[in-house]
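Here the structure comes first, spelled out in structure tokens, and everything after it is commentary.
Just so it is clear, none of the values below were taken in a lab; they were calculated from the coordinates. Being a predicted model, the structure only gives us computed values, none of them experimental. A quick note on method: Cβ atoms are made from the backbone with ideal geometry, for glycine too, and the neighbour counts reach across all protein chains shown.
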């Protein structure tokens, strides 16, 4: 129980820290942040319209209030889900913009992350099971090599080869110009076609970390006394590999899962940009280049909270998988 | 050093890295043109005059590639050193002092681990009033120390309970001396590996940010090259060399670090340090 | 026909980046149905490798490179893993050295029984049978539902034993099955094992470095040295009529602390490097009776006495004990250490402990547990005397040491060093106090920084506490090394710890403790991690230092033999309470407290299981003291 309480405590504390961080970032610059932002917006070509001004004021709170009351107002707004109005997509609210983009990223990241984890863990376990064989060296060396490739570059190459040269897949976007989001078979197959290359870009490098982590952990667990004893007991090889090797070796990967999710979400910024994919990552980059601060702030907050929730879920799962932490983590 | 040299993988990595350093130092000699000289025909394919073709603005791709090595190495070195220093300070303090200090610092370490780094970088870069290499380095450092700090904390926690630490206390050594002379030498390989990891992350992050167009447009880096190749239509004009070359050298630089990492574990192992 | 027959077995380690090592070389022996055979040897002699080879559990880089293993008439030397499976556990089972790690941490004890039955299509009711097995090793059935981390070390080892007997095997290999457990628990488990073995009739190969236990439990004892068997005799013979000089040396390092005269000896030198080839007898460099021919001729294991011996001299003298009598006569006097009379002089105490207690409060969630680690303990340390603090792990020994050195503060009571209170010292005062109170640690591998030379380790206390300059400190460090028997010192000063053997490291640790010229030395189990054959050497060194330099020593141990050898006064600690205290002979000879008696009863009596050994004093040790 203590373990779960501690993890919940950590989750709440990090949540608060993320919200606070989000409050502090725009205020890091000297002077009145709203004025500074306005000054920078005015430096842009288009004139500042009143809507933008209102949006900034709303985001940053009234500048005559002190920092503490601003913080209080901000917390209230966050709790009520009021993140203001996007001014690059005026008059849409920030929340509406995020709601449109969220499913795209959720599906792309969710599917590729789970697939990467599954593929990586399986390959890593296979390499450990056949340690020092040809299979092992192919998997280990191959993944080490693939791991050095920058994946946004892989994305570019994928477009170059499969979209432009071979013309097998569309070169970008979430769906074709002829269709619009709807619950039809046509739309889904179209969206699927568009997501193959971005998913591939994430999937090529995605499993590398899991492969190496799983292999090393499992080589170690299979060398432990309990695995040797299992062999002495005459347990079938496969059973030893599963219950005495993989079952224990997978534990560190479970906690790694959430941390990797943070990295992968970062990766989606790159991949979605390359493929012009209508998800949160591209939206974030657009917000940054349009200086759409409310949208940018809210997006960062959402991503962070998403990762924190995933992290919390991974911790809870870990608690169920590893009987040792449930009781032992008193110190 | 000799032990690192004897490891064939490590040796290959060191040679590769040395080559990159030489290229970066002598960029002006090696590159046929200046990186921003745009006197040539736009979007040309590879030729004798321009080995890797020219950009959409009429710059020589090969020259940009050579100068790009400078940016990557500087970012890797500076951001790597800075985040290793932060990681050491935080990790060593948390691990050696334990107690409340540890609780607080550990919380920040864990927070640093779960916050999605690239979006944070993007947001920080978006707010920054000026764009430049310095900013990129600061952003990368601020967001990249947590992992190293966690590992160093864990290591020091196991080291500080060793009997030889107690013995040093009984020999009258001060805490600072114990950390510097008894603990840190036993963490050398961890620190070096940590530095390499941080440098690697920094190089990748710089390329990513530059690719997104958030870098300094004045600096020539492999990330900005890819960004311009992507925007400049390298995909559609079939200029594969402009597209392939920056990614490939980036991969080679990362490979050299990875190869060196294989050999470094031997460094801390005193059994292998004889003769 | 023997149940297990090993012929000319060799095992070689071929690591990728180091020299190959012949860990087991041409070993032959048999184990018969129902026989209890002991395999005795020091660390690194190849006994565990031999055990793993017999079980066919060797992993790369180790491999069987010669010879055969025959079990029940079937050659299993190179049988495939799949064919071995039907044999494993049904016929051959095992209990490993470290019980801590031999159970799968993420599944329940019940599952570990269940998968054993399942793997061999044994259609029993798991709860029924496993419960029965647990009761057999004196555990409650409820243990089935628990995870390994919820059990104590002793309980885990009982589970491992129950598991080993699950399929009623014909042969059980026990590799140091109780090492690391408390003496009383050890005793309990071993007694249980002997009873079960007699009842169920399985054969045992018992691998251990613990001479007393092996001699007491086994029917027959084999002694291994540097990868070879050097002697193989019935246990009773081994106690009284062993023939090999190495066996004599090992036996000489053991004594019963209850005997009237207690003497132990040690074997100088260290085992040969097995990555090199050696022409002659491997024991020759350490052998007190070696002749020229031993250097060039490698002896074979030949019948002698009522077993077999590998020694040229025994070969020539046709099995009589003339060799050993000669050995005894030749042995240097300084290779033997005898317990001196306890001289409780009335010197003024330097350190006085009065009624100290230590209470720990640990908060876990909402409940607070109060543990009394030390309860109202008083004693005094006097110059030139050794006070032994005897107790099991968890008895509060270490807590007392921590309070004496100012690492922790007593909850109640006082500690005075030469009339100055030391229980509330801080910073500078604590540092000054520690000049006078130094520590000798248990584990010589953790007590020296692997990245610092011997000279560095020794110069720190000299420079900090005595204010010596760099050159002075180095010169003094050299003198200290000579004092602890590392001579010539110049050869050791610039070495890193990994270039030294365990015994040499422990000498450096002792030298470091002596460096600031302390008045009190606290030695926390200083010999328990060392090989049996060199323990006496360190004891002798400590003894000499205490007597010559007038140091007051607190000697912390769980081992009554070393307490008997070294201490003038013995204190027995049980669960934080001092249950007995008095002159060594009195405490060990006429123990009054039930706990002390239990500790004494846990000491093995070699030869007790076989025919009673009449002529105990007839060993070479007796001859020596006569």
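Worth pointing out:
- Take each residue of peptide A:151-162, count the partner chain Cβ atoms within 10 Å of its Cβ, and average: the result is 5.
- Exposure proxy order (Cβ contacts within 10 Å, fewest to most) of C:30, B:44: C:30, B:44
- Cα centroid separation, segment A:257-311 to segment A:186-256 (Å): 27 Å
- Alpha-carbon Rg/Rh ratio, for segment C:4-235, with Rh computed the Kirkwood way: 0.96
- Volume in Å³ per residue [convex hull over Cα atoms, computed for segment B:174-270]: 102 Å³
- Segment B:27-96 and segment C:175-252 have Cα centres separated by 69 Å.
- Its Kirkwood hydrodynamic radius, worked out from the mean inverse distance over all distinct Cα pairs, puts segment B:103-214 at 16.1 Å.
- With helices as the sole contributors, the protein assembly as shown gives -16500 deg cm²/dmol at 222 nm; each DSSP H run of n ≥ 4 counts as -39500 (n - 2.57), and the sum is divided by every residue.
- The length gained on full extension between residue C:354 and residue C:469, counted as 0.36 nm times the residue separation minus their Cα-Cα distance, comes to 37.5 nm.
- Antiparallel DSSP beta bridges within segment C:4-235, as percent of all bridges there, nearest 5: 55 percent
- In this structure, residue A:135 and residue A:72 have a Cβ-Cβ separation that, at R0 = 60 Å, corresponds to a calculated FRET efficiency of about 0.50.
- Placing a pseudo-label 7 Å from each Cα along the Cα-to-Cβ vector at residue A:276 and residue C:297 gives an inter-label distance of 9.4 nm.
- Residues listed by number, segment B:124-162, amide nitrogen under 20 Å from residue B:36 label point at 7 Å toward C-beta: B:129-137
- Residue A:4/residue C:18 FRET efficiency (R0 51 Å; Cβ-Cβ; nearest 0.05): 0.60
- Segments A:157-170, C:162-175 sorted - mean Cβ within 10 Å per residue, highest first: C:162-175, A:157-170
- Whole-percent pair-distance distribution, where bins are 10 Å wide, for the alpha carbons of the protein assembly as shown: 2, 8, 14, 18, 18, 15, 11, 8, 5, 2, 0, 0
- Between segment C:512-569 and segment B:161-218, the alpha-carbon center distance in angstrom: 40 Å
- Counting only alpha carbon atoms, the long axis of helix B:240-268 and the longest principal axis of chain B meet at about 20°.
- Cα→Cβ-extended label distance, 7 Å offset, between residue C:370 and residue A:24, nm: 4.3 nm
- Cα-based shape type of segment C:186-253, given that a ≥ b ≥ c are square roots of the gyration tensor eigenvalues and the cut on a/c is 1.5: prolate
- Taking Cα atoms only, the orientation of helix B:133-144 departs from the longest principal axis of chain B by about 40 degrees.
- Calculated on the alpha-carbon coordinates, the convex hull of segment C:351-602 measures out at 144 cubic angstrom per residue.
- For the pair residue C:80 and residue C:279, the difference between a 0.36 nm per residue extended length and the Cα-Cα distance amounts to 68.1 nm.
- Among the residues of C:441-449, the average count of other protein chain beta-carbon atoms within 10 Å of the residue beta-carbon is 5.
- Take each residue of peptide C:454-461, count the partner chain Cβ atoms within 10 Å of its Cβ, and average: the result is 3.
- Diagonalising the gyration tensor over the Cα atoms of chain C and scaling each eigenvalue by 5 before taking the square root yields semi-axes of 41, 32, 24 Å, largest first.
- Residue C:593/residue C:380 FRET efficiency (R0 22 Å; Cβ-Cβ; nearest 0.05): 0.60
- Degrees separating the helix C:470-483 axis from the principal Cα axis of chain C, which is the longest one: 60 degrees
- Segment C:1-62, Cα convex hull volume normalised per residue, Å³: 80 Å³
- With both labels modelled 7 Å from their Cα along Cα-to-Cβ, the residue A:99 to residue C:146 distance reads 5.5 nm.
- Here segment A:78-236 is described by how far its Cα atoms reach on the three principal axes: 70, 49, 31 Å, from widest to narrowest.
- The DSSP beta bridges internal to the protein assembly as shown are antiparallel in roughly 60% of cases.
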